[in-house]
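Just below is one structure, and these are the notes that go with it.
Each value in this text was obtained by applying a stated rule to the coordinates, not by laboratory testing. Keep in mind the model is a prediction, meaning the values are calculated, not measured. A quick note on method: Cβ atoms are made from the backbone with ideal geometry, for glycine too, and the neighbour counts reach across all protein chains shown.
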Amino acid sequence: MELLVSPSSVEEARSALAADIIDVKKPSEGSLGANFPWVIHAIKELSDKPVSAAIGDYSFLPGGASQAAYGAASAGADYVKVGLKFDGAERAAELISSVAKAVHWQYPEKTVVIAAYADYERMGTISPMEMAPLVAENGADIAMIDTGIKDGKSLFDFMDESVLGEFTDLNRSLNQKTALAGSLKFDDLAPLRSINPEIIGVRGMVCGGDRSSVIREELVEKAMSLVR
Ligand SMILES: O=C[C@H](O)COP(=O)(O)O
């Protein structure tokens, strides 16, 4: 299980360098808010660690999402991550294939992450289970669950360990990886280890519980020691 940590600036990224994957985002623009390309580039320059970039919680806008995905990959992101903020399997397939093509067209080695929301019922968006079979089938690499509304409710408030285990197993059977996130706490690391997704994503946990605060290096190190 690898640890992905989401800084919002170059300064914060310096405190996150112990993580396996540095995930650039702009939390003030949403759960998967996109940061500026020059911030992605500067964070990529900081270390040899793989860099991920969120491109936004996207409505059904395959053209816009594919340009944003291409921009993030060109700026240096090794992982490009998009959230599906709409419903409908057919529309999801179209946006996933557009984003995957935009990245793999010139960067076949890069990884495309597609996120659905644990709180899809209150978001009115596609569910993670409905999204899962559309990911690799449309050229993407990782199926992710995050919470869409960051109001303190966590992934486990919406999906229990057995459902998350089913999601992870389903992804494995589809030859795609799983990433889980959503206001995770240190106490969640034990159940997450038994669910065993390839990646877990955190921000609030390593900010001391408040994701609008700043990432603390010692908490990233603590989280790394517990996921190993
Ligand atoms: O990709 C992971 C997210 O940034 C998780 O943020 P959070 O732990 O504050 O919900």
To the nearest 20 debye, the stretch 55-127 has a Cα-centred charge dipole, built from +1 on Lys and Arg Cβ and -1 on Asp and Glu Cβ, of 140
Rounding to the nearest 20 debye, state how big the charge dipole of the chain is about its Cα centre with +1 on each Lys and Arg Cβ and -1 on each Asp and Glu Cβ. 420
Taking R0 as 45 Å and r as the Cβ-Cβ distance between Met129 and Asp210, the FRET efficiency 1/(1 + (r/R0)^6), rounded to the nearest 0.05, comes to 0.90
Cα centroid separation, the stretch 176-225 to the stretch 26-102 (Å): 21
Lys/Arg +1, Asp/Glu -1 at C-beta; the stretch 25-196 dipole; positive extreme among Gly83, Ser194, His104: His104
Within 12 Å, Cβ to Cβ, of Ala132, how many net charges do the neighbouring residues add up to if Lys/Arg are +1 and Asp/Glu are -1? -2
With the crude spin-label approximation of a point 7 Å out along Cα→Cβ, what separation in nm comes out for Glu109 versus Glu221? 3.1
Arrange the following residues from fewest to most other Cβ atoms within 10 Å of their Cβ: Ile215, Ile195. Ile195, Ile215
If we count other beta carbons within 10 Å of each Cβ, what is the order of Val214, Val113, fewest first? Val214, Val113
Neighbour-count ranking [beta-carbon atoms within 10 angstrom, fewest first] of Lys101, Lys85: Lys101, Lys85
Count the net charge of all other residues whose Cβ sits under 12 Å from the Cβ of Gly209, scoring Lys and Arg as +1 and Asp and Glu as -1. +2
At a threshold of 8 angstrom on Cα-Cα distance, excluding pairs fewer than six apart, so keeping six or more, what relative contact order does the stretch 25-196 reach in percent? 17
